[in-house]
Amino acid sequence: PKRLTIERASAPQETETETLAEAVRLGLDARPRTLPWTYFYDEVGSQLFEAICALPEYYLTRTEDAILREHADEMVAGWSRDPAMIELGSGSSSKTRWLIAAAINRYSKLHYVPIDVSPAPLIESAQALVRHFSAVRVTGYVANYRDALATLPERIPGPRLWVFLGSSLGNYAADEACELLTQVAAAMGEDDRLLLGTDLAKDAATLEAAYDDAAGITARFNLNLLTRINRELGADFDLDRFAHRAVYRPDLGRVEMHLVSRVAQTVRIPGAALTVDFAAGEMIHTENSHKYSLDGLADLADRAGFAEEATWTDRQGLFRVQRWRL
Ligand code: AVI
């Protein structure tokens with residue numbers, strides 16, 4: 001049988017320009033001005049995010065990687081036969097390799113099901129995985145979480161280990177995060193488990209450095225949103241006239257990213273039928289990255305219908321991986 005299949009479970013890219021136009025029209029016309037973080041991940045944005053993951057200031061990726069490396073065997077343990085491993089937002093799947101290796105070691109084989117909206121990293125990492133692990137079969141889905149969660153349970157028989165790493169949950173507002181987890185819970189069976197990686201609240205200096213690195217990669221990641229709007233909607237954003245800002249809001253439990261207009265200026269966005277007058281210093285809010293407390297996580301699990309089963313952290317207590325059950 002074929003060891004590598006890629007399917008598309010969400011509507012293709014063309015309809016997304018419509019949605020981008022809509023999002024830009026709504027977000028930039030409102031006060032405070034906003035742009036949705038989901039549009040960061042075009043091809044360049046996905047590459048910049050991979051570069052962020054390797055930055056010295058961005059402790060999240062290497063910390064989670066070390067937790068997974070150390071505890072992968074316990075994380076995949078507990079089934080009498082091999083569970084399928086479904087990963088939400090797999091990206092390059094690099095950290096997941098520890099789990100894949102541990103699962104193969106324990107169950108001799110693995111059906112790995114990565115889901116990502118960006119086809120390029122999904123296909124590349126799936127090809128690399130089947131080359132590297134002879135006992136793995138990969139079914140990749142180019143899809144958003146919503147579409148994937150609606151269709152996957154029927155297609156991938158249980159038991160399943162659902163994997164949601166990188167504190168990706170943190171980019172959702174509290175209500176949306178709870179709604180997404182509730183959807184995951186609805187897709188899960190009794191024997192399924194969810195492995196969730198989340199970043200924890202900590203001092204402002206560490207957090208703000210992680211989101212405003214010295215090499216300026218995160219700034220480029222944030223500004224790339226304007227490049228994308230220029231390209232796809234024919235806008236005339238001048239990137240030199242916007243600055244990147246990251247600020248930790250302990251009151252709201254999140255790091256916020258903004259783009260700040262350096263001067264008073266007018267920007268035309270024909271594809272969204274919009275002209276925007278920015279005052280000097282005016283901000284566009286582009287991302288929230290929530291930083292959890294242990295109580296906050298327990299509360300979230302409870303509200304979404306989960307029970308915490310096991311928990312792993314690093315020595316400094318920066319990051320946490322939890323295994324949840326229904
Ligand atoms: C993907 N997500 C979890 C990243 C985060 O940390 O919120 C995105 C990111 N934004 C700036 N740096 C990284």
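The values are calculated or read from the model by the stated rules, or taken from the named source; none is laboratory data. Keep in mind that what you see is a predicted model, and the values were worked out from it rather than measured. For neighbour counting, all protein chains shown are included, and Cβ atoms are generated from backbone atoms with ideal geometry for every residue, glycine included. In case anyone asks, the SASA skips ligands and DNA or RNA and just uses the protein heavy atoms, side chains included. Shrake-Rupley method; radii C 1.70, N 1.55, O 1.52, S 1.80 Å.
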Yes or no: the stretch 75-85 includes at least one residue that is within 16 Å of the ligand (Cβ to nearest atom), in a loop (DSSP other than H, G, I, E, B) and surrounded by 20 or more Cβ atoms within 10 Å (Cβ to Cβ).
no
Of a type outside the set (A, V, I, L, M, F, W, C), under 27 Å from H71 (Cβ atoms) and surrounded by 15 or more Cβ atoms within 10 Å (Cβ to Cβ): is that true of Y248 in this structure?
no
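From the residues in the stretch 204-221 that are out of contact with any helix residue (DSSP H, G or I) (no Cβ under 8 Å at 6 or more places or on another chain) and over 13 Å from F319 (Cα atoms), which one is most open to solvent (accessible area, probe 1.4 Å)?
The residue in question is A214.
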Single residue of the stretch 42-52 satisfying the filter (open to solvent by less than 60 Å² (accessible area, probe 1.4 Å) and at pLDDT below 90) that is farthest from the ligand (Cβ to nearest atom):
D42
Of D240, D192, D251, D236, the only residue that is more than 16 Å from the ligand (Cβ to nearest atom) and within 19 Å of A304 (Cα to Cα) is D192
Those residues that are surrounded by 16 or more Cβ atoms within 10 Å (Cβ to Cβ) and part of a helix (DSSP H, G or I), I need them from the stretch 152-166; list them, please.
L152, P153
List the number of the failed condition for I104; all other conditions in (1) touching a strand residue (DSSP E or B) at 6+ places or on another chain (Cβ under 9 Å); (2) open to solvent by less than 20 Å² (accessible area, probe 1.4 Å) hold.
(2)
Within the stretch 212-225, which residues are out of contact with any Lys or Arg (no Cβ under 9 Å at 6 or more places or on another chain), within 9 Å of the ligand (Cβ to nearest atom) and closer than 19 Å to P36 by Cβ?
T218, F221
Test of understanding: among P157, P119, which residue is closer than 22 Å to A187 by Cβ and modelled with pLDDT under 95?
P157
Would you kindly identify the helices (runs of 4 or more DSSP H) lying entirely within the stretch 167-235 that contain at least 3 residues that are more than 15 Å from the chain's Cα centre (by Cα) and among the small types (G, A, S)?
174-187, 204-210
